[in-house]
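Inspection log for the structure reproduced underneath, given as structure tokens.
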Amino acid sequence: MDFKNVREEKSVLGPAQKFEEGALEMRVGGDNRDGGTVFLRADMIDFKTWDVQMEKHLGRAWSRDAEARNKPEEWEIELAKLDIKNVVAHGTYGTVYKGVYDGQDVAVKVLDWGEDGIATAAESTALRASFRQEVAVWHKLDHPNVTKFVGASMGTSNLKIPSQGILAGNFNSLPSRACCVVVEYIPGGTLKKFLIRNSRKKLAFKTVIQLALDLARGLSYLHSKKIVHRDVKTENMLLHSDRTLKIADFGVARIEAQNPRDMTGNTGTLGYMAPEVLDGKPYNRKCDVYSFGICLWEIYCCDMPYPDLSFAEVSCAVVQQNLRPEIPRCCPSTFASIMRKCWDAKPENRPEMDEVVKLLEAVDTSKGGGMIPDDQARKCFCFGSARASLYGLRLVVILGALLLSGLNLTAAVSCDLLLLFWLGCATLMWKI
């Protein structure tokens, strides 16, 4: 061994190495073998060397941390490629814009939970952390009845929102806490608007089943991925030009908790919310099944559930009086049975969505279901106006009385009255 080199290396190490080698010899006070405390001489500690080593160590740690923070997520988009065009809709949790991303038409939902007192700084941080976790799941979803996820961004500092009105041409700035979600753009509008357009004519039964199956298959897929939508309603369903339905708006969706008690609170839209949600009780994916049942009724009837009740009345009646929409008499028993199973008051009695898909696939549409076929413009007799029925009844009574009164009427007048009498009878029978 080259003892000369060893001695030179030791001399290069300096006071810090000497301190470490002789630390046990620099005891002051009691004997360590007797349990005494060991003290080190401060004048032998090279604090400068310690500072240099600590700075290097912290520098490497900070560098690794910065690299981890700056590394883009798999689902993160480049905001520079996103071109916002115009506002599509405003919602509780943000604003939806139409835009173009990398040459593709997209819908952009900007979420800002920290504005207008919606959330405190701590709550906003927690929401962003939850958003990051759940977006990591959303971007892997791939189903024909679920809106295709394009990407998301945890910040919007580089996002330019066009101003409206006199400020057109300028751009609005967004809070740094805002996040945005980008999904495929569906040009056909919402299912809600489609049903409103058909509120008088109603839908052919085959169309009803097709829309119901699309929604059921999409929800079944989400539930298989442990995702609870929590705001299932016709306004959150979009239609393609070929009338394919796609589930949209995951603004309040979340990963289903292992413990149902971890999922509580009034989340959703009144009229579609399950009793356990309205009552503030723990819930699970079966809350989506309840909302789906209400959507089934709405698709069949092309009408609004509980149109004459206030929000408070609906909440109270659904929970305490088991209120549900009235099913029309013309509705096939198989379809009505699915509705009732889905909106059962007890979550455990509601079917899973994959079972609902099978039930809908088994429904026979060859004989219709009380709806008017596509080539006819008249509406289903179940939705006739009570006022029209009353007018028909009055007409029958008056004309019948005239015809039976034995008055000396001309033949022409008698024929006219007889014709009106039969028209009144036909009107009455149609409404009944």
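Here, each number is a calculation from the coordinates, and none is a lab measurement. Given the structure is predicted, the values throughout are model-derived calculations rather than measurements. Cβ placement follows ideal geometry from the backbone for every residue including glycine, while neighbour counts extend to all protein chains displayed.
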Item to check | Q321 paired with E355, simple spin-label distance in nm, labels 7 Å along Cα-to-beta-carbon | outcome: 3.0
Next on the checklist: If I model a spin label at A121 and K85 as a point 7 Å from the Cα along the Cα→Cβ vector, what separation in nanometres do I get?
Outcome noted: 4.0
Item to check | Contour excess over end-to-end distance, with Cα ends at S130 and H143 and 0.36 nm allotted per residue | outcome: 2.4 nm
Checklist outcome for this item: Footprinting proxy, M339, M304: sorted fewest to most Cβ within 10 Å, the residues are M304, M339
Next on the checklist: Calculate the FRET efficiency for E348 and R197 from the Cβ-Cβ distance with a Förster distance of 30 Å, rounded to the nearest 0.05.
Outcome noted: 0.20
Checklist entry - Between Q53 and D303, what FRET efficiency comes out of the Förster formula 1/(1 + (r/R0)^6) with R0 = 56 Å and r the beta carbon distance, rounded to 0.05? => result 0.15
Checklist entry - Sorting Y306, Y272 on the 10 Å Cβ count, fewest up front, what's the list? => result Y306, Y272
